[in-house]
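Enquirer: Let me give you the structure first, and then I'll get to my questions.
The values are calculated or read from the model by the stated rules, or taken from the named source; none is laboratory data. Please read these numbers as outputs of a predicted model, since none were measured by experiment. When we count neighbours, we look across all protein chains shown, and the Cβ atoms used for this are built from the backbone with ideal geometry, even at glycine. Surface accessibility is based on the protein's heavy atoms, side chains included, excluding ligands, DNA and RNA. Shrake-Rupley method; radii C 1.70, N 1.55, O 1.52, S 1.80 Å.
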Amino acid sequence: MRSFVRSALAFVCLACVGCAGPSDTTPSIAPGAPGADPTWSNAEKIGIGTAYEAYDAAGQYSEQSPTAPISKVWFSVGEDRITEVMWGLIHEAQIREIRYILVGFDGVMTPESQSAYPIKHDVDGVRQPVPVHMQTIVFDGGETELRARAFTDPDNQTLISTFQLISEREDLRVFAYIDPALANTGTGDRAWIDDSHLYADDGDAAVAIGGLYRLNLAQSVGFVGASDLLADLLAGETFDTTGDPRGNVEMLLEMPFPPGAPKGGILYFGFGEDAQAAKASVDASRARGLTEISDDYIAGWTGYLASLGHLPDVRAEATDGGDLASMSAVNLKIMEDKTHAGALIASLSNPWGETAPADQPQTGYKAVWPRDFFQVASAFLALGDVDTALAAYRYLPTVQVDEDTPGNSGVTGWFLQKTHVDGEIEWVAIQQDQTAMPIMLGWQLWQAGILSDAEMSESYQSMLKPAADFLVNGGRPDILWNSEFEASLGYTQQERWEEQEGYSPSTIAAVIAGLVTAADLAERFGDPADAVSYLAAADLLESNLEAWMFTTNGALGDGAYFIRITRNQDPNDKAMLGDNNGRPGLPEDHIVDGGVLELVRYGVRAWDAPSIIDTLEELDGAHDDNLRVRYEFPGEHLGWRRYGNDGYGEDGEAGTNYHEIEGGNTPGQRGRVWPFFSGERAHYEMARLNGLATRFQSNHPEIVQAQWRIRRLVSSMEAFANNGLSLPEQVWDGVGPNPFGYTLGEGTNSATPLAWTHAEYVKLLRSVADGAVWDRYRIVEARYSDSPANQSAD
């Protein structure tokens, strides 16, 4: 890295020699406003990045942080381009894409291949990946390569993009194409050029683009879809401004190659509330120098990795040498807002972005779901990052419904379905697992000695007791559209896939664990009467799990298994479920899902409980492709879909993206395999291994086989990662048309990287290292170990 940085520096110091000054002619105005309808960028990211920043003494990001000033710029990369840049809050997109175009004497060159991978640096004597991805685009049968990297300035609001051209050809010209999407939309932008910078703005957001040289060798601005900027520029026609009309703008500039200088270049993308502030960011970064910025950026991440006390143990259990474990830690930390410490998002992407309209501000997955949030916070704890886990817990009141929640006049205590990182409400359905999990996280932190008795006492009374009371007592919400549903014990408005109401094994597993841990806290910091109430409610749910959700006359296999969800307490009535993202609903006994394994993970059911063993047969059954859940991939890797008849994915008949067809959902949509289910299944196998270890010697065939299954599932998760070591939400399962050219097991355009998947992988490796399930709540296991339902038939 450093040798490339220095050669690039040598180039840019010479590049300004002979550049022309500002023009005195009347600015030319680009036609075609407002341009084409905008969309977001592809959600299959190879990698993501931002500068590492440290908390201040209060666990916040501020001017008192040891790494202040705080950089609030994030980016993602594909194989051949920067796919998005965010600035401000983590969901506030400002640029849709940045890419380099190579032009020779015979026209625009077509890449023959492109790839990207993270570079590695020394961390305590071990080379580990950091979030600087080398993008390599190959032309001319390998005779020409363009290599690009991106990173941010830890001390400024600036993204830096560098490239190097490796070729013997003298006719080549390199152009940078930029598609702004300021203020988190692709509309309402304007763009212009002065003598040394390109600019765009929209409202309170602006970007300035500059280098260590003037950018007026050849440059132009215009409206997307209204013209071909490159063709016009090569023909000698350029535009200085998009004028007064605002719209979907674009920019193009040529990178100069002075004689004798290395064929490389540097661009600084500065952000601010207006053009002047954005230019100040560029100037400040330019003054620091590329080498200093690059060294600081890399040192921040290598220092963070070195601070993770459990990372060496976690890496040791990987089958890939530990690289995915390190990048998982980095990716999880990247996906935290830097205005609201502890605000952990689901993914730095907008699902199926290139066909998703960008005419209105959207968060996509760049938002807070308490369920995903819980998984990530727990993973930080597994890595030894106590500070981030604690910041996350302290953030949670921001997204809990209370008397002061805007627009609320209904029941309180529950946690909002989805919010912006600043707490702005987005979705308001009640999901009971998302209310139970903050209790589980708090108890986990308290048990680990991270939360003091004093802080837990206050937190229990102000946050966790209201949550537990809601789980027990339920009630009617009254916020935005949600005023008709009546919550009650175990009956959720939406289960963990946010699609169906009723009694769900995965939801109730979390509710039971939440209530048992809440009871423990109530005994210590509240009222013993509350503890009695919480335990009674948990016991009621536990004792009725099979009665309410285990069918004995189902349509699959031998007819005995846990169903995904039921809208009443009769799992044998074959009641119809609602549609699944456009896919017509089926009778409840047609659908199984892996969420039932949460009962084992949290300690509610033993690994060999008869109802669990029976359900595994149908979960892994060879059903038709609509109802089938388990799939095999090359290399003996295994993956599972969310559930049969899942519609959250590409259209399996038309071959289009999710929601691509006008009108929204289509009956042919098909949810694919989700890699984190390989981790959830491995956690079940870990519980199984622990159980077998009480019966057999370590060399017993059943012990050896269980260890092999766990290893196989660890390897499966690693196989689903892309070259940038990013783990996706969904991977291609080989069913239906494939116009996107996905290979089997490759991440689709749903969302990559997904924080939950990285968190599951980290927790799996920690579980293997510990020899015990990381998320198993011993207090829950102890309470229900003697339950009749947990008694094995053996």
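Enquirer: What does the convex hull of the Cα atoms come to per residue for segment 684-730, in Å³?
Expert: Spread over its residues, the Cα hull of segment 684-730 gives 76 Å³ apiece.
Enquirer: Largest first and to the nearest Å, give the Cα extent of segment 63-166 along each principal axis.
Expert: Its Cα atoms span 55, 38, 18 Å along the three principal axes.
Enquirer: What nm distance separates the two modelled labels at I779 and S307, each placed 7 Å from Cα along Cα→Cβ?
Expert: So the two model labels end up 2.9 nm from each other.
Enquirer: Still on this structure: Quick one: Kirkwood hydrodynamic radius for segment 205-256, alpha-carbon pairs, angstrom, one decimal?
Expert: On the way: mean 1/r = 0.0839 Å⁻¹.
About 11.9 Å for segment 205-256.
Enquirer: Return the inverse of the average 1/r over all pairs of distinct C-alpha atoms in segment 409-483, which is the Kirkwood hydrodynamic radius, in Å to one decimal. Don't skip to the end; give the middle numbers.
Expert: Details: mean 1/r = 0.0751 Å⁻¹.
Value: 13.3 Å, from the Cα pair sum.
Enquirer: Compute, for segment 224-286, the length of the dipole vector about the Cα centre, with Cβ point charges of +1 (Lys, Arg) and -1 (Asp, Glu) only. Units Debye, rounded to 20. Walk me through the numbers on the way to the answer.
Expert: Values: 4 positive and 10 negative charges, 72 e Å.
Dipole magnitude for segment 224-286 comes out near 340 debye.
Enquirer: For the chain, what does the helix formula give at 222 nm: sum of -39500 (n - 2.57) over DSSP H segments with n ≥ 4, over the residue count, nearest 500 deg cm²/dmol? It would help to have the intermediate numbers written out before the result.
Expert: Working: 20 runs with 242 residues, N = 794.
It lands at -9500 deg cm²/dmol.
Enquirer: Rounded to two decimals, what is the ratio between the C-alpha radius of gyration of segment 447-593 and 2.2 N^0.38 Å? If you can, show how the numbers build up before the last one.
Expert: Details: Rg = 17.6 Å, N = 147, 2.2 N^0.38 = 14.7 Å.
After normalising by residue count via 2.2 N^0.38 Å, the value is 1.20.
Enquirer: Summing +1 for each Lys or Arg and -1 for each Asp or Glu, what net charge is found among the other residues whose Cβ lies under 14 Å from the Cβ of E653? Don't skip to the end; give the middle numbers.
Expert: Values: positive: R583, R670; negative: D625, E650, D651, E660.
Net charge around E653: -2.
Enquirer: Please report Rg (one decimal) and Dmax (integer) in Å for the Cα set of segment 244-310.
Expert: 17.6, 56
Enquirer: Relative to the longest principal axis of the chain, what angle (0 to 90°, nearest 10) does the C-alpha long axis of helix 2-15 take?
Expert: Computed tilt is about 30 degrees.
Enquirer: Let's see if you can work this out: charge +1 on each Lys and Arg Cβ, -1 on each Asp and Glu Cβ, no other charges. What is the dipole magnitude of the chain about its Cα centre, in debye to the nearest 20? Can you show the working numbers first?
Expert: Details: 54 positive and 115 negative charges, 348 e Å.
Dipole size: approximately 1680 debye.
Enquirer: Suppose R0 equals 56 Å; then what is the FRET efficiency for D228 and S452 from their Cβ-Cβ distance, rounded to the nearest 0.05? Please report the intermediate quantities before stating the final value.
Expert: Working: r = 63 Å, r/R0 = 1.12.
With R0 = 56 Å, the Cβ-Cβ based efficiency is 0.35.
Enquirer: Right, something else. Equivalent ellipsoid semi-axes for segment 420-462, as square roots of 5 times the alpha carbon gyration tensor eigenvalues: give them largest first, rounded to whole Å.
Expert: Working: eigenvalues 121, 31, 18 Å².
Over the Cα atoms of segment 420-462, the ellipsoid semi-axes are 25, 12, 9 Å.
Enquirer: I would also like to ask the following. Once Rh is set to the Kirkwood radius over Cα pairs, what Stokes-Einstein translational diffusion coefficient, in µm²/s, holds for segment 628-749 at a temperature of 10 °C and a viscosity of 1.306 mPa s?
Expert: On the way: Rh = 15.7 Å.
Rounded to a whole number, D works out at 101 µm²/s.
Enquirer: Right, here's the next one. Where does each of E636, E685 land when they are ordered by accessible area, with a 1.4 Å probe and the largest first?
Expert: Numbers: E636 115, E685 15 Å².
Ranked from most to least accessible, the order is E636, E685.
Enquirer: State the extension gain, in nm to one decimal, for the chain segment bounded by E63 and R695, taking 0.36 nm per residue of separation less the distance between their alpha-carbons. Present the calculation step by step, with values, prior to reporting the outcome.
Expert: On the way: separation 632, 0.36 × 632 = 227.52 nm, distance 5.72 nm.
Taking E63 through R695 to full extension adds about 221.8 nm, to one decimal.
Enquirer: Roughly how many debye, to the nearest 20, is the charge dipole of segment 695-749 about its Cα centre, given +1 on each Lys and Arg Cβ, -1 on each Asp and Glu Cβ, and no other charges?
Expert: 320
Enquirer: Using θ = phi - 60° and the Karplus relation 6.51 cos²θ - 1.76 cosθ + 1.60, list the HN-Hα couplings for segment 453-464 in order, rounded to whole Hz, with x at every Gly or Pro.
Expert: 4, 5, 5, 5, 4, 5, 5, 4, 5, 8, 10, 7
Enquirer: Nearest 10 degrees, 0 to 90: what angle lies between the long axis of helix 386-395 and the longest principal axis of the chain (Cα atoms)?
Expert: Tilt relative to the chain: about 80 degrees.
Enquirer: Which parts of segment 73-101 would a label at R288 reach, counting a residue when its backbone N lies under 11 Å from a point 7 Å out along Cα-to-Cβ?
Expert: 73
Enquirer: Then there is this: Please list, by residue number, every one of the GluC sites (Glu not before Pro) in segment 459-545 that is coil in DSSP and has at most 13 other beta-carbon atoms within 10 Å.
Expert: On the way: sites: E484, E486, E495, E498, E499, E501, E523, E542; in loops: E484, E486, E495, E498, E499, E501.
Of the GluC sites (Glu not before Pro), the ones in loops of segment 459-545 whose Cβ has at most 13 other Cβ atoms within 10 Å are E484, E486.
Enquirer: Could you report the chain's accessible area per residue, 1.4 Å probe, as an integer in Å²?
Expert: Values: 26450 Å² over 794 residues.
Heavy-atom SASA per residue in the chain reads 33 Å².
Enquirer: Let me ask another. In Å, the Kirkwood hydrodynamic radius of segment 135-192 over pairs of distinct alpha carbons? Write out the running numbers ahead of the final one.
Expert: On the way: mean 1/r = 0.0697 Å⁻¹.
Computed over Cα pairs of segment 135-192, the Kirkwood hydrodynamic radius comes out at 14.3 Å.
Enquirer: A follow-up question, please. Leaving ligands, DNA and RNA out of it, report the carbon-plus-sulfur percent of the accessible area of the chain at a 1.4 Å probe. Let's see the in-between values first.
Expert: Details: 12970 of 26450 Å².
Whole-percent figure for carbon plus sulfur exposure: 49.
Enquirer: Over all directions, how big on average is the projection of the convex hull of the alpha-carbon atoms in segment 695-794, in square nanometres?
Expert: Working: hull surface 39.4 nm².
Value for segment 695-794: 9.8 nm².
Enquirer: For the charge dipole of the chain, defined by +1 on Lys and Arg C-beta atoms and -1 on Asp and Glu C-beta atoms about the Cα centroid, which residue among N572, Q444, G514 has the Cα displaced farthest towards the positive pole?
Expert: Selected residue: Q444.
Enquirer: Helix 701-719 sits at what angle to the longest principal axis of the chain, using alpha carbons and giving 0 to 90 degrees rounded to 10?
Expert: 30
Enquirer: Accessible area, 1.4 Å probe, largest first: how do D733, D469 sort?
Expert: These residues rank, largest area first, as D469, D733.
Enquirer: Over the Cα atoms of segment 346-403, what radius of gyration and what Dmax do you get, in Å?
Expert: 14.5, 41
Enquirer: From the P(r) of segment 303-453, could you give the percentage of C-alpha pairs in the tail past 22 Å?
Expert: For segment 303-453, the share of Cα pairs beyond 22 Å comes to 46 percent.
Enquirer: For L234, L689, give the ranking by accessible area with the largest first, probe 1.4 Å. Show your work: numbers first, answer last.
Expert: Details: L234 75, L689 25 Å².
My answer, sorted largest first, is L234, L689.
Enquirer: Direction-averaged shadow area of the convex hull around the Cα atoms of segment 227-360, nm²?
Expert: Details: hull surface 57.3 nm².
Average of the hull's projected areas for segment 227-360 equals 14.3 nm².
Enquirer: With just the Cα atoms of the chain, tell me how far they stretch along each of the three principal axes, in Å, largest first.
Expert: Computed over the chain, the largest-to-smallest principal extents equal 86, 54, 53 Å.
Enquirer: Ok, one more. If you add up the charges near D453, with Lys and Arg at +1 and Asp and Glu at -1, over every other residue whose beta carbon is less than 14 angstrom from its beta carbon, what do you get? Can you show the working numbers first?
Expert: Numbers: positive: R524; negative: E455, E458, D520, E523.
Around D453, the charge tally is -3.
Enquirer: Quote to one decimal, in nm, the extra length available between D274 and N544 on full extension: 0.36 nm per residue of separation minus the C-alpha distance between them. Walk me through the numbers on the way to the answer.
Expert: On the way: separation 270, 0.36 × 270 = 97.20 nm, distance 5.99 nm.
Fully extending the segment from D274 to N544 adds 91.2 nm.
Enquirer: A further question on this structure: Ignoring solvent entirely, what values of log10 I(q)/I(0) come out of the Debye formula for segment 449-535 at 0.13, 0.21 Å⁻¹ when each Cα is a single scatterer?
Expert: Taking Cα atoms of segment 449-535 as identical point scatterers yields -0.48, -1.01.
Enquirer: A follow-up question, please. Using only the alpha-carbon atoms, what does segment 297-336 span along each of its principal axes? Please give whole angstrom values in decreasing order.
Expert: Cα spread of segment 297-336 along its principal axes, largest to smallest: 28, 17, 15 Å.
Enquirer: Identify the chymotrypsin sites (Phe, Trp or Tyr not before Pro) of segment 75-128 meeting these criteria: DSSP loop state and at most 15 other C-beta atoms within 10 Å of the C-beta.
Expert: Numbers: sites: F75, W87, Y100, F105; in loops: F105.
Loop-located and lightly packed - F105.
Enquirer: Give a residue-ordered list of calculated ³J(HN,Hα) values for segment 344-358 (Karplus: 6.51 cos²θ - 1.76 cosθ + 1.60, θ = phi - 60°; whole Hz; x for Gly, Pro).
Expert: 9, 9, 7, 6, 8, 7, 10, x, 6, x, 6, 10, 9, x, 10
Enquirer: May I pose another question? Which entries in K45/K333; K366/K465; K333/K763; K72/K279 show an alpha-carbon gap greater than 21 Å?
Expert: Where the Cα-Cα span goes over 21 Å, the pairs concerned are K366/K465.
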